[in-house]
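Have a look at the structure below before the remarks.
The values are calculated or read from the model by the stated rules, or taken from the named source; none is laboratory data. As the structure is a prediction and not an experimental result, all values here were calculated from the model. No Cβ is skipped: glycine too gets one built from the backbone with ideal geometry, and neighbour counts run over all protein chains shown.
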(Lines give C-alpha, C1' and ligand atoms only; values in the text may rest on other atoms or scores of the structure.)
Protein backbone atom coordinates (compact mmCIF):
# COMPACT_ATOMS: atom_id res chain seq x y z
CA UNK A 1 0.00 0.00 0.00
CA UNK A 2 3.10 2.21 0.30
CA UNK A 3 3.07 3.38 -3.30
CA UNK A 4 -0.58 4.40 -3.49
CA UNK A 5 -2.28 7.68 -2.69
CA UNK A 6 -4.23 7.04 0.51
CA UNK A 7 -6.58 9.94 -0.17
CA UNK A 8 -8.12 8.28 -3.22
CA UNK A 9 -7.12 4.65 -3.01
CA UNK A 10 -7.17 3.38 0.55
CA UNK A 11 -8.05 -0.28 1.09
CA UNK A 12 -8.96 -1.60 4.55
CA UNK A 13 -8.16 -5.10 3.27
CA UNK A 14 -4.73 -4.26 1.81
CA UNK A 15 -2.40 -7.12 2.77
CA UNK A 16 0.32 -4.85 4.20
CA UNK A 17 -2.04 -2.87 6.46
CA UNK A 18 -1.90 -5.35 9.39
CA UNK A 19 1.90 -5.50 9.50
CA UNK A 20 2.32 -1.73 9.04
CA UNK A 21 -0.66 -0.79 11.20
CA UNK A 22 1.22 1.72 13.40
CA UNK A 23 2.89 3.54 10.49
CA UNK A 24 -0.17 3.67 8.24
CA UNK A 25 -2.40 4.81 11.12
CA UNK A 26 0.06 7.56 11.99
CA UNK A 27 0.18 8.77 8.39
CA UNK A 28 -3.56 8.85 7.72
CA UNK A 29 -4.32 10.45 11.08
CA UNK A 30 -1.87 13.22 10.28
CA UNK A 31 -2.50 13.77 6.58
CA UNK A 32 -5.86 12.40 5.42
CA UNK A 33 -8.64 12.22 8.00
CA UNK A 34 -11.12 10.97 5.37
CA UNK A 35 -10.07 8.74 2.47
CA UNK A 36 -11.82 7.08 -0.44
CA UNK A 37 -11.53 3.43 -1.34
CA UNK A 38 -12.32 1.88 -4.70
CA UNK A 39 -12.38 -1.57 -3.13
CA UNK A 40 -15.58 -3.56 -2.50
CA UNK A 41 -17.65 -1.27 -4.70
CA UNK A 42 -16.35 1.93 -3.09
CA UNK A 43 -16.51 3.44 0.38
CA UNK A 44 -14.96 6.19 2.50
CA UNK A 45 -13.00 5.75 5.73
CA UNK A 46 -12.99 8.15 8.70
CA UNK A 47 -9.97 7.94 11.03
CA UNK A 48 -9.82 10.68 13.66
CA UNK A 49 -11.28 10.28 17.13
CA UNK A 50 -13.37 13.44 16.95
CA UNK A 51 -14.76 12.76 13.44
CA UNK A 52 -15.62 9.16 14.30
CA UNK A 53 -17.53 10.24 17.40
CA UNK A 54 -19.40 12.94 15.45
CA UNK A 55 -20.53 10.53 12.74
CA UNK A 56 -21.24 7.65 15.13
CA UNK A 57 -23.47 9.77 17.32
CA UNK A 58 -25.53 11.16 14.42
CA UNK A 59 -27.65 8.12 13.55
CA UNK A 60 -30.23 10.25 11.73
CA UNK A 61 -27.70 11.35 9.08
CA UNK A 62 -25.59 8.17 9.15
CA UNK A 63 -27.84 5.13 9.19
CA UNK A 64 -26.97 1.56 10.10
CA UNK A 65 -29.83 -0.08 8.25
CA UNK A 66 -27.94 -0.60 5.00
CA UNK A 67 -25.38 -2.84 6.64
CA UNK A 68 -22.17 -2.65 8.63
CA UNK A 69 -19.74 -3.24 5.75
CA UNK A 70 -19.68 -2.33 2.05
CA UNK A 71 -20.37 -5.72 0.56
CA UNK A 72 -23.40 -6.75 2.58
CA UNK A 73 -25.46 -8.14 -0.27
CA UNK A 74 -28.91 -7.62 1.17
CA UNK A 75 -29.52 -11.31 1.74
CA UNK A 76 -32.20 -11.27 4.40
CA UNK A 77 -31.58 -14.68 5.92
CA UNK A 78 -28.91 -13.56 8.33
CA UNK A 79 -28.73 -9.94 9.30
CA UNK A 80 -27.39 -8.54 12.57
CA UNK A 81 -29.81 -6.75 14.92
CA UNK A 82 -29.59 -4.28 16.64
CA UNK A 83 -26.39 -3.45 14.70
CA UNK A 84 -28.19 -3.11 11.36
CA UNK A 85 -31.24 -1.10 12.48
CA UNK A 86 -31.72 2.48 13.70
CA UNK A 87 -33.50 3.95 16.73
CA UNK A 88 -36.22 3.87 17.94
CA UNK A 89 -36.69 0.15 17.07
CA UNK A 90 -32.98 -0.41 17.72
CA UNK A 91 -33.26 1.08 21.23
CA UNK A 92 -35.96 -1.43 22.20
CA UNK A 93 -33.71 -4.36 21.43
CA UNK A 94 -30.82 -2.62 23.20
CA UNK A 95 -32.94 -2.48 26.36
CA UNK A 96 -33.55 -6.22 26.14
CA UNK A 97 -29.81 -6.88 25.84
CA UNK A 98 -28.98 -4.35 28.56
CA UNK A 99 -30.93 -6.35 31.13
CA UNK A 100 -28.58 -9.28 30.63
CA UNK A 101 -25.31 -7.60 29.61
CA UNK A 102 -25.04 -4.77 32.14
CA UNK A 103 -21.90 -4.63 34.29
CA UNK A 104 -23.63 -5.84 37.46
CA UNK A 105 -25.43 -8.76 35.85
CA UNK A 106 -22.28 -9.82 34.05
CA UNK A 107 -20.28 -9.66 37.31
CA UNK A 108 -22.41 -12.59 38.58
CA UNK A 109 -20.82 -14.72 35.85
CA UNK A 110 -17.31 -14.20 37.19
CA UNK A 111 -17.01 -17.62 38.93
CA UNK A 112 -17.99 -19.36 35.69
CA UNK A 113 -15.58 -17.25 33.64
CA UNK A 114 -12.75 -17.92 36.10
CA UNK A 115 -13.39 -21.66 35.94
CA UNK A 116 -13.21 -21.63 32.13
CA UNK A 117 -10.07 -19.47 32.22
CA UNK A 118 -8.34 -21.96 34.50
CA UNK A 119 -9.62 -24.96 32.55
CA UNK A 120 -8.12 -23.51 29.36
CA UNK A 121 -4.81 -22.69 31.13
CA UNK A 122 -4.77 -26.29 32.43
CA UNK A 123 -4.81 -27.43 28.82
CA UNK A 124 -1.24 -26.25 28.18
CA UNK A 125 0.32 -25.16 31.48
CA UNK A 126 2.33 -28.36 31.97
CA UNK A 127 3.78 -28.14 28.47
CA UNK A 128 5.40 -24.76 29.05
CA UNK A 129 4.29 -23.65 25.60
CA UNK A 130 1.11 -22.99 23.66
CA UNK A 131 -0.37 -21.50 20.55
CA UNK A 132 -2.33 -18.94 22.51
CA UNK A 133 -4.93 -18.03 19.88
CA UNK A 134 -5.95 -21.59 19.13
CA UNK A 135 -5.72 -22.89 22.69
CA UNK A 136 -7.05 -19.91 24.64
CA UNK A 137 -8.05 -16.64 22.97
CA UNK A 138 -10.38 -18.20 20.40
CA UNK A 139 -11.84 -20.60 23.00
CA UNK A 140 -12.81 -18.37 25.92
CA UNK A 141 -15.34 -16.09 24.13
CA UNK A 142 -17.16 -19.11 22.70
CA UNK A 143 -17.29 -20.75 26.12
CA UNK A 144 -18.74 -17.52 27.51
CA UNK A 145 -21.50 -17.44 24.97
CA UNK A 146 -22.37 -21.12 24.83
CA UNK A 147 -21.55 -22.40 28.28
CA UNK A 148 -21.77 -19.45 30.69
CA UNK A 149 -24.75 -17.73 29.02
CA UNK A 150 -26.61 -20.40 27.02
CA UNK A 151 -25.58 -23.59 28.83
CA UNK A 152 -25.31 -25.48 25.53
CA UNK A 153 -22.82 -28.33 25.08
CA UNK A 154 -19.21 -27.34 24.42
CA UNK A 155 -19.05 -30.02 21.69
CA UNK A 156 -21.02 -27.72 19.38
CA UNK A 157 -18.51 -24.92 19.75
CA UNK A 158 -16.03 -25.89 17.01
CA UNK A 159 -18.73 -25.96 14.32
CA UNK A 160 -20.21 -22.57 15.17
CA UNK A 161 -16.79 -21.04 15.71
CA UNK A 162 -15.72 -22.02 12.20
CA UNK A 163 -18.89 -20.70 10.59
CA UNK A 164 -18.57 -17.43 12.53
CA UNK A 165 -14.95 -17.09 11.40
CA UNK A 166 -16.06 -17.48 7.78
CA UNK A 167 -18.68 -14.79 8.29
CA UNK A 168 -16.48 -12.29 10.10
CA UNK A 169 -12.76 -12.83 10.29
CA UNK A 170 -11.43 -14.73 7.26
CA UNK A 171 -9.72 -12.20 4.95
CA UNK A 172 -10.44 -11.72 1.27
CA UNK A 173 -8.51 -14.28 -0.80
CA UNK A 174 -6.05 -13.36 -3.52
CA UNK A 175 -7.93 -12.90 -6.78
CA UNK A 176 -11.32 -13.15 -5.08
CA UNK A 177 -13.90 -10.61 -6.29
CA UNK A 178 -15.91 -8.42 -3.93
CA UNK A 179 -19.04 -10.41 -4.87
CA UNK A 180 -17.38 -13.76 -4.18
CA UNK A 181 -16.03 -12.51 -0.85
CA UNK A 182 -19.45 -11.15 0.14
CA UNK A 183 -21.16 -14.40 -0.82
CA UNK A 184 -18.62 -16.43 1.15
CA UNK A 185 -19.18 -14.30 4.27
CA UNK A 186 -22.96 -14.56 3.84
CA UNK A 187 -22.71 -18.37 3.56
CA UNK A 188 -20.92 -18.39 6.93
CA UNK A 189 -23.71 -16.27 8.42
CA UNK A 190 -26.35 -18.61 7.05
CA UNK A 191 -24.69 -21.60 8.72
CA UNK A 192 -24.52 -19.80 12.08
CA UNK A 193 -28.14 -18.71 11.69
CA UNK A 194 -29.25 -22.27 10.99
CA UNK A 195 -27.57 -23.51 14.17
CA UNK A 196 -28.99 -20.75 16.36
CA UNK A 197 -32.45 -21.11 14.88
CA UNK A 198 -32.57 -24.77 15.85
CA UNK A 199 -31.43 -23.90 19.37
CA UNK A 200 -34.06 -21.15 19.69
CA UNK A 201 -36.87 -23.42 18.43
CA UNK A 202 -35.85 -25.95 21.07
CA UNK A 203 -35.81 -23.30 23.79
CA UNK A 204 -39.25 -22.07 22.76
CA UNK A 205 -40.63 -25.51 23.68
CA UNK A 206 -38.87 -25.61 27.05
CA UNK A 207 -39.90 -23.87 30.30
CA UNK A 208 -38.35 -20.38 30.55
CA UNK A 209 -35.06 -19.94 32.45
CA UNK A 210 -35.14 -16.15 32.71
CA UNK A 211 -31.98 -15.79 30.62
CA UNK A 212 -31.08 -13.67 27.59
CA UNK A 213 -32.57 -16.23 25.20
CA UNK A 214 -35.97 -16.06 26.91
CA UNK A 215 -35.92 -12.25 26.72
CA UNK A 216 -35.04 -12.34 23.02
CA UNK A 217 -37.78 -14.93 22.37
CA UNK A 218 -40.25 -12.73 24.21
CA UNK A 219 -39.31 -9.93 21.81
CA UNK A 220 -40.26 -6.26 21.47
CA UNK A 221 -42.72 -4.20 19.45
CA UNK A 222 -41.73 -2.81 16.10
CA UNK A 223 -42.32 0.82 15.15
CA UNK A 224 -45.82 0.04 13.84
CA UNK A 225 -46.76 -1.64 17.14
CA UNK A 226 -46.66 -5.15 15.67
CA UNK A 227 -44.61 -7.75 17.56
CA UNK A 228 -41.13 -8.36 16.14
CA UNK A 229 -41.16 -11.36 13.78
CA UNK A 230 -39.25 -14.57 14.44
CA UNK A 231 -36.50 -13.59 12.00
CA UNK A 232 -35.66 -10.46 13.95
CA UNK A 233 -35.21 -12.53 17.12
CA UNK A 234 -32.81 -14.74 15.23
CA UNK A 235 -30.92 -11.66 13.98
CA UNK A 236 -30.51 -10.48 17.58
CA UNK A 237 -29.08 -13.85 18.64
CA UNK A 238 -26.71 -13.70 15.67
CA UNK A 239 -25.50 -10.25 16.66
CA UNK A 240 -24.93 -11.24 20.28
CA UNK A 241 -22.87 -14.21 19.11
CA UNK A 242 -20.96 -12.46 16.34
CA UNK A 243 -20.25 -9.35 18.35
CA UNK A 244 -18.44 -11.25 21.05
CA UNK A 245 -16.34 -13.90 19.35
CA UNK A 246 -13.48 -12.72 17.10
CA UNK A 247 -13.45 -9.30 18.70
CA UNK A 248 -12.75 -10.67 22.17
CA UNK A 249 -10.30 -13.22 20.74
CA UNK A 250 -8.24 -10.34 19.40
CA UNK A 251 -8.01 -8.40 22.66
CA UNK A 252 -7.28 -11.54 24.71
CA UNK A 253 -4.42 -12.41 22.35
CA UNK A 254 -3.30 -8.79 22.62
CA UNK A 255 -3.21 -9.09 26.40
CA UNK A 256 -1.00 -12.21 26.22
CA UNK A 257 1.23 -10.59 23.59
CA UNK A 258 1.64 -7.58 25.87
CA UNK A 259 2.51 -9.75 28.91
CA UNK A 260 5.07 -11.66 26.82
CA UNK A 261 6.73 -8.52 25.50
CA UNK A 262 6.59 -6.17 28.53
CA UNK A 263 8.23 -8.01 31.46
CA UNK A 264 8.62 -4.83 33.55
CA UNK A 265 4.92 -3.97 33.27
CA UNK A 266 4.14 -7.58 34.10
CA UNK A 267 6.02 -7.25 37.40
CA UNK A 268 4.29 -3.94 38.17
CA UNK A 269 0.86 -5.47 37.54
CA UNK A 270 1.73 -8.47 39.68
CA UNK A 271 2.86 -6.25 42.55
CA UNK A 272 -0.04 -3.79 42.31
CA UNK A 273 -3.50 -5.06 41.31
CA UNK A 274 -4.88 -1.52 41.59
CA UNK A 275 -3.24 -0.90 38.18
CA UNK A 276 -5.29 -3.63 36.49
CA UNK A 277 -8.45 -1.71 35.57
CA UNK A 278 -6.59 1.09 33.81
CA UNK A 279 -4.12 -1.29 32.18
CA UNK A 280 -7.03 -3.21 30.66
CA UNK A 281 -8.52 0.01 29.22
CA UNK A 282 -5.12 0.82 27.70
CA UNK A 283 -4.82 -2.69 26.21
CA UNK A 284 -8.36 -2.45 24.80
CA UNK A 285 -7.30 0.84 23.18
CA UNK A 286 -3.99 -0.41 21.81
CA UNK A 287 -5.32 -3.79 20.65
CA UNK A 288 -8.71 -2.41 19.53
CA UNK A 289 -10.31 -5.25 17.61
CA UNK A 290 -12.81 -3.42 15.42
CA UNK A 291 -10.87 -2.25 12.39
CA UNK A 292 -13.90 -0.34 11.10
CA UNK A 293 -17.71 -0.47 11.00
CA UNK A 294 -19.92 1.22 8.43
CA UNK A 295 -22.69 3.80 8.27
CA UNK A 296 -24.58 4.96 5.19
CA UNK A 297 -25.13 8.67 4.54
CA UNK A 298 -28.86 9.47 4.29
CA UNK A 299 -28.26 12.82 2.62
CA UNK A 300 -25.47 14.79 0.90
CA UNK A 301 -23.31 16.01 3.73
CA UNK A 302 -19.79 16.79 4.88
CA UNK A 303 -17.38 15.05 7.24
CA UNK A 304 -14.20 16.87 8.32
CA UNK A 305 -14.46 19.09 5.27
CA UNK A 306 -14.91 16.17 2.85
CA UNK A 307 -18.03 15.90 0.69
CA UNK A 308 -20.07 12.76 1.32
CA UNK A 309 -22.85 11.82 -1.09
CA UNK A 310 -26.22 10.39 -0.13
CA UNK A 311 -25.98 6.59 -0.16
CA UNK A 312 -22.22 6.47 0.34
CA UNK A 313 -20.83 4.16 3.00
CA UNK A 314 -18.52 5.61 5.63
CA UNK A 315 -16.34 3.10 7.46
CA UNK A 316 -15.51 4.38 10.94
CA UNK A 317 -12.00 3.12 11.69
CA UNK A 318 -12.27 2.77 15.47
CA UNK A 319 -8.95 0.91 15.78
CA UNK A 320 -7.15 3.79 14.05
CA UNK A 321 -9.08 6.42 16.03
CA UNK A 322 -7.74 4.74 19.16
CA UNK A 323 -4.26 5.84 18.02
CA UNK A 324 -5.15 9.51 17.49
CA UNK A 325 -2.18 11.62 18.69
CA UNK A 326 -4.58 14.48 19.54
CA UNK A 327 -5.95 12.28 22.32
CA UNK A 328 -2.93 10.11 23.21
CA UNK A 329 0.70 11.10 23.41
CA UNK A 330 2.89 8.38 21.86
CA UNK A 331 -0.23 6.52 20.77
CA UNK A 332 1.68 3.51 19.44
CA UNK A 333 3.09 2.72 22.87
CA UNK A 334 1.35 0.81 25.66
CA UNK A 335 1.45 2.97 28.79
CA UNK A 336 -0.54 1.06 31.40
CA UNK A 337 -1.18 4.01 33.70
CA UNK A 338 -2.07 6.61 31.07
CA UNK A 339 -5.56 8.05 31.62
CA UNK A 340 -8.19 6.66 29.23
CA UNK A 341 -11.02 9.12 29.64
CA UNK A 342 -13.37 7.52 27.13
CA UNK A 343 -12.46 4.35 25.25
CA UNK A 344 -13.31 4.47 21.55
CA UNK A 345 -12.47 0.76 21.17
CA UNK A 346 -16.12 -0.15 21.92
CA UNK A 347 -17.52 2.34 19.41
CA UNK A 348 -19.63 5.39 20.17
CA UNK A 349 -23.27 6.42 20.28
CA UNK A 350 -26.35 4.23 20.21
CA UNK A 351 -24.47 1.28 18.68
CA UNK A 352 -21.63 1.23 21.22
CA UNK A 353 -20.80 -2.39 22.10
CA UNK A 354 -23.38 -3.74 24.58
CA UNK A 355 -21.03 -6.63 25.40
CA UNK A 356 -18.27 -4.35 26.71
CA UNK A 357 -18.68 -5.53 30.30
CA UNK A 358 -18.22 -9.17 29.29
CA UNK A 359 -15.10 -8.29 27.32
CA UNK A 360 -13.70 -6.26 30.20
CA UNK A 361 -14.41 -9.08 32.65
CA UNK A 362 -12.77 -11.73 30.43
CA UNK A 363 -9.75 -9.45 30.16
CA UNK A 364 -9.55 -8.88 33.91
CA UNK A 365 -9.87 -12.54 34.89
CA UNK A 366 -7.42 -13.59 32.17
CA UNK A 367 -4.90 -11.02 33.40
CA UNK A 368 -5.30 -12.10 37.04
CA UNK A 369 -4.99 -15.82 36.37
CA UNK A 370 -2.10 -15.47 33.91
CA UNK A 371 -0.17 -13.33 36.38
CA UNK A 372 -0.90 -15.84 39.12
CA UNK A 373 -0.16 -19.06 37.22
CA UNK A 374 2.31 -18.31 34.44
CA UNK A 375 5.88 -17.21 35.02
CA UNK A 376 8.51 -16.05 32.56
CA UNK A 377 6.10 -15.66 29.65
CA UNK A 378 7.83 -15.01 26.30
CA UNK A 379 7.16 -15.10 22.59
CA UNK A 380 8.14 -18.54 21.22
CA UNK A 381 9.62 -19.47 17.87
CA UNK A 382 7.08 -19.42 15.09
CA UNK A 383 4.86 -16.98 13.35
CA UNK A 384 2.80 -14.50 15.29
CA UNK A 385 0.50 -12.87 12.78
CA UNK A 386 -2.40 -10.47 12.43
CA UNK A 387 -4.77 -10.15 9.47
CA UNK A 388 -7.63 -7.80 8.60
CA UNK A 389 -11.06 -8.58 7.19
CA UNK A 390 -12.76 -5.23 6.42
CA UNK A 391 -14.36 -4.95 9.87
CA UNK A 392 -12.19 -6.89 12.31
CA UNK A 393 -8.52 -7.21 13.17
CA UNK A 394 -7.70 -10.88 13.67
CA UNK A 395 -4.90 -12.58 15.53
CA UNK A 396 -4.13 -15.67 13.45
CA UNK A 397 -1.48 -17.23 15.70
CA UNK A 398 0.55 -16.38 18.80
CA UNK A 399 3.09 -19.03 19.92
CA UNK A 400 4.19 -18.49 23.55
CA UNK A 401 6.56 -20.23 25.98
CA UNK A 402 6.87 -20.05 29.77
CA UNK A 403 7.98 -22.00 32.84
CA UNK A 404 5.77 -25.11 33.02
CA UNK A 405 3.24 -25.04 35.86
CA UNK A 406 0.84 -27.42 37.57
CA UNK A 407 -2.72 -28.30 36.60
CA UNK A 408 -5.33 -27.11 39.12
CA UNK A 409 -8.76 -28.56 39.82
CA UNK A 410 -11.60 -26.64 38.19
CA UNK A 411 -15.36 -26.72 38.63
CA UNK A 412 -16.91 -25.78 35.28
CA UNK A 413 -20.37 -25.64 36.84
CA UNK A 414 -19.20 -22.84 39.15
CA UNK A 415 -21.64 -20.03 39.54
CA UNK A 416 -24.50 -21.61 37.58
CA UNK A 417 -27.83 -20.34 38.65
CA UNK B 1 -41.59 17.01 26.48
CA UNK B 2 -38.00 15.95 27.05
CA UNK B 3 -36.93 12.57 28.34
CA UNK B 4 -33.80 10.51 28.87
CA UNK B 5 -32.82 6.88 28.81
CA UNK B 6 -29.71 5.22 30.25
CA UNK B 7 -28.41 2.13 28.43
CA UNK B 8 -27.83 -0.47 31.12
CA UNK B 9 -25.30 -2.32 28.95
CA UNK B 10 -23.14 0.80 28.73
CA UNK B 11 -23.32 2.39 32.20
CA UNK B 12 -20.04 1.72 34.04
CA UNK B 13 -20.73 3.83 37.14
CA UNK B 14 -18.31 6.63 36.21
CA UNK B 15 -20.68 9.02 38.04
CA UNK B 16 -20.22 11.99 35.68
CA UNK B 17 -23.95 12.40 35.05
CA UNK B 18 -25.01 12.86 38.64
CA UNK B 19 -21.93 15.02 39.34
CA UNK B 20 -23.09 17.37 36.56
CA UNK B 21 -26.88 17.07 36.86
CA UNK B 22 -27.70 15.82 40.34
CA UNK B 23 -31.32 16.95 40.03
CA UNK B 24 -31.86 14.64 37.05
CA UNK B 25 -29.50 11.70 37.54
CA UNK B 26 -28.52 9.84 40.66
CA UNK B 27 -26.55 6.81 41.81
CA UNK B 28 -27.98 3.53 42.96
CA UNK B 29 -26.26 1.67 45.82
CA UNK B 30 -23.38 0.58 43.52
CA UNK B 31 -22.87 3.92 41.80
CA UNK B 32 -24.65 3.02 38.56
CA UNK B 33 -27.22 5.51 37.31
CA UNK B 34 -30.42 4.69 39.18
CA UNK B 35 -32.64 4.57 36.10
CA UNK B 36 -30.29 2.54 33.89
CA UNK B 37 -32.34 -0.09 32.07
CA UNK B 38 -35.67 1.41 33.14
CA UNK B 39 -36.67 2.96 29.84
CA UNK B 40 -37.56 6.59 29.20
CA UNK B 41 -37.68 9.00 32.13
CA UNK B 42 -39.21 12.46 31.91
CA UNK B 43 -37.01 15.56 32.35
CA UNK B 44 -38.53 18.75 33.80
CA UNK B 45 -38.08 21.55 31.22
CA UNK B 46 -35.85 23.61 33.52
CA UNK B 47 -33.43 20.64 33.85
CA UNK B 48 -33.04 19.98 30.13
CA UNK B 49 -29.76 21.89 29.76
CA UNK B 50 -28.22 20.00 32.69
CA UNK B 51 -29.38 16.70 31.26
CA UNK B 52 -27.85 17.60 27.88
CA UNK B 53 -24.55 18.47 29.55
CA UNK B 54 -24.52 15.12 31.36
CA UNK B 55 -25.35 13.32 28.10
CA UNK B 56 -22.28 14.88 26.44
CA UNK B 57 -20.06 14.13 29.42
CA UNK B 58 -20.83 10.41 29.70
CA UNK B 59 -17.62 8.54 28.74
CA UNK B 60 -19.66 5.54 27.55
CA UNK B 61 -22.42 7.39 25.61
CA UNK B 62 -24.86 5.57 27.86
CA UNK B 63 -27.30 8.50 28.05
CA UNK B 64 -29.76 9.51 25.33
CA UNK B 65 -31.76 12.71 25.73
CA UNK B 66 -34.60 13.47 23.30
CA UNK B 67 -37.17 16.22 22.95
CA UNK B 68 -40.61 15.46 21.59
CA UNK B 69 -43.56 17.68 20.86
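Apart from one condition, residue A:141 fits all of (1) farther than 30 Å from residue A:372 by Cα; (2) away from every other protein chain (no Cβ under 14 Å); (3) surrounded by 16 or more Cβ atoms within 10 Å (Cβ to Cβ); the exception is (1).
Name the residue that is farthest from the other protein chains (Cβ to nearest Cβ), counting only residues in segment B:8-23 that are in a loop (DSSP other than H, G, I, E, B) and surrounded by fewer than 24 Cβ atoms within 10 Å (Cβ to Cβ). Looking at the filtered set, the residue picked out is B:23. For segment B:28-44, name all the residues that are surrounded by fewer than 19 Cβ atoms within 10 Å (Cβ to Cβ) and not in a loop (DSSP other than H, G, I, E, B). Hits for segment B:28-44 are B:41, B:42. Identify, please: which residue in segment B:45-69 is on the phi < 0 side of the Ramachandran plot, within 13 Å of chain A (Cβ to nearest Cβ) and part of a loop (DSSP other than H, G, I, E, B) and is, among those, modelled with the lowest pLDDT? Within segment B:45-69, the match that is modelled with the lowest pLDDT is B:68.
Selection within segment A:103-128: residues that are at pLDDT 95 or above and assigned to a loop (DSSP other than H, G, I, E, B). The member of this set that is surrounded by the fewest Cβ atoms within 10 Å (Cβ to Cβ) is A:126. Inspect all residues belonging to segment A:293-304 and state whether any of them is in a loop (DSSP other than H, G, I, E, B), under 20 Å from the mean Cα position of the chain (by Cα) and closer than 21 Å to residue A:394 by Cβ. No.
Per-residue answers, yes or no, for (1) touching a residue at least 40 places away in the same chain (Cβ under 8 Å); (2) closer than 19 Å to residue A:166 by Cα:
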residue: A:230; (1), (2): no, no
residue: A:244; (1), (2): yes, yes
residue: A:253; (1), (2): yes, no
residue: A:257; (1), (2): yes, no
residue: A:261; (1), (2): yes, no
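You will find that of A:283, A:269, A:314, A:275, the residue that is in contact (Cβ under 8 Å) with a residue 40 or more places away in the chain and not in a helix (DSSP H, G or I) is A:314 and no other. Tallying residues that are under 27 Å from residue A:236 (Cβ atoms) and exposed (fewer than 15 other Cβ atoms within 10 Å of the Cβ) within segment A:144-181 yields 8. Evaluated against (1) facing chain A (nearest Cβ under 9 Å); (2) surrounded by 13 or more Cβ atoms within 10 Å (Cβ to Cβ); (3) over 10 Å from the mean Cα position of the chain (by Cα), residue B:5 falls short on exactly one condition, (3).
Conditions (1) assigned to a loop (DSSP other than H, G, I, E, B); (2) loosely packed, with under 13 Cβ neighbours inside 10 Å; (3) free of Cβ contacts under 8 Å to residues at least 60 places away in the same chain, marked per residue:
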position: A:8; (1), (2), (3): no, yes, yes
position: A:11; (1), (2), (3): yes, no, yes
position: A:29; (1), (2), (3): no, no, no
position: A:45; (1), (2), (3): no, no, no
position: A:68; (1), (2), (3): yes, no, no
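Where helices (runs of 4 or more DSSP H) sit wholly within segment A:155-257, those with at least 2 residues that are under 22 Å from residue A:16 (Cα atoms) occupy A:157-168, A:178-205. Just one of the numbered conditions (1) under 26 Å from residue A:411 (Cβ atoms); (2) not in a helix (DSSP H, G or I) is not true of residue A:86: (1).
Please find, among A:371, A:367, the residue that is buried (at least 20 other Cβ atoms within 10 Å of the Cβ), modelled with pLDDT of 95 or more and more than 14 Å from chain B (Cβ to nearest Cβ).
Going through A:371, A:367 in turn, just one is buried (at least 20 other Cβ atoms within 10 Å of the Cβ), modelled with pLDDT of 95 or more and more than 14 Å from chain B (Cβ to nearest Cβ): A:367.
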